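The values are calculated or read from the model by the stated rules, or taken from the named source; none is laboratory data. What you see is a predicted model; the values in this text were computed from it and never measured. Neighbour counts run over all protein chains shown; Cβ positions are idealised from the backbone, glycine included. Ligands, DNA and RNA are stripped out before the accessible areas are found, and what is left, the full protein with its side chains, is counted by its heavy atoms. Shrake-Rupley method; radii C 1.70, N 1.55, O 1.52, S 1.80 Å.
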Amino acid sequence: MGVTVETHKIYHYPFEQVVASYLRKYPSPMEKNVIAVKTVEEKTDSSTGIIYRRRIATCQNVVPHILRKISVLKVSEVHLEEESWVNIQKRVMSMKTRCLTWTEYATLKEESVFQESLENPNWTEFIQKGRISINGAGLLNCFLEVFAQTFLNQGVKKSISIMEKLLQEQFGSPFL
C-alpha cells in the first residue's frame with residue numbers, strides 16, 4: 001500500500017542562506033535522532049557548475065521498543081542516503097533521499113527542492129514529497145506504515161522548526 005507525506009514551506013531568507021543552513025543542519029542538539037551526517041562524495045560539473053553531493057546520515061532507530069522484538073527491527077541505527085544537486089546559477093537545489101536500512105522490507109524515498117520563490121527573490125521555497133511502503137511484515141505492514149507516516153509528519157515539522165531557528169541565529173530576522 002504505502003503512505004505519502006508532502007510539505008511546502010516558504011523561508012523568508014535568500015536561497016544561498018537557506019542552502020548553507022540546510023547543509024549544516026545536522027547533527028544538532030535540536031535533533032537528537034540524527035547522530036551523524038558524512039559527505040561521501042562531492043564534485044562540481046565544470047560545464048554546468050552544478051555541485052553534486054552524496055551524504056550518509058546515521059540516525060537512531062525510532063521504531064518503538066515493543067516492535068523491536070521482531071529481529072529485523074532490532075537495530076540501533078538507521079542509515080539514509082541523500083543525493084543533492086545545487087545549481088547556484090538557477091538558485092535551485094534538488095535532493096533525493098532513501099533509506100539504506102531494511103531495504104528488503106521497506107522503501108523510503110523523499111524528493112525535495114529548495115528554489116528561489118516566485119513571490120520574492122529574497123525568499124526560498126521548499127517542496128518535499130516522501131513515500132514509505134512496508135512489505136514482508138504481514139499484518140504489521142499497515143501498523144508500521146501508520147507509525148512511519150506519523151513519525152515523518154512530526155519529523156518534517158521539527159526539521160522546518162530547526163531550519164527557522166538556524167536561519168534566525170545565523171542571519172538575523174527574515175526578509176519580509
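Can you list the HN-Hα couplings for the stretch 159-176, worked out from phi with the Karplus curve (6.51, -1.76, 1.60; θ = phi - 60°), rounded to whole Hz and with x for Gly and Pro?
Those phi angles translate into 4, 5, 4, 4, 4, 4, 5, 4, 4, 5, 5, 7, 10, x, 5, x, 7, 10 Hz.
Mark the label point 7 Å from the Cα of Phe143 along Cα→Cβ and return the residues of the stretch 1-25 whose backbone N is within less than 18 Å of it.
1-3
Quick one: which of 129-135, 4-10, 163-169 comes out on top by average Cβ neighbours within 10 Å, and what's the full order, highest first?
Highest-to-lowest ranking by the protection proxy: 129-135, 163-169, 4-10.
Testing the spin-label approximation: label points 7 Å from Cα along Cα→Cβ at Glu81 and Lys157. State their distance in nm.
In this crude spin-label approximation the distance works out to 3.2 nm.
Please report, in whole Å³, the volume per residue of the convex hull around the C-alpha atoms of the chain.
122
Carbon-plus-sulfur fraction of the accessible area of the chain, 1.4 Å probe, in percent?
55
Subtracting the Cα-Cα distance from 0.36 nm times the residue separation, let me have the gained length for Lys109 to Phe171 in nm, one decimal.
19.2 nm
Kindly write out, for the stretch 22-28 in residue order, the coupling ³J(HN,Hα) from the Karplus curve 6.51 cos²θ - 1.76 cosθ + 1.60 (θ = phi - 60°), rounded to whole Hz, with x marking Gly and Pro.
Result, rounded to whole Hz: 4, 5, 9, 4, 10, x, 8.
Rounded to the nearest 500, what is the chain's calculated 222 nm mean residue ellipticity when only DSSP H runs of at least 4 contribute -39500 (n - 2.57) each, over all residues?
Computed mean residue ellipticity for the chain: -8000 deg cm²/dmol.
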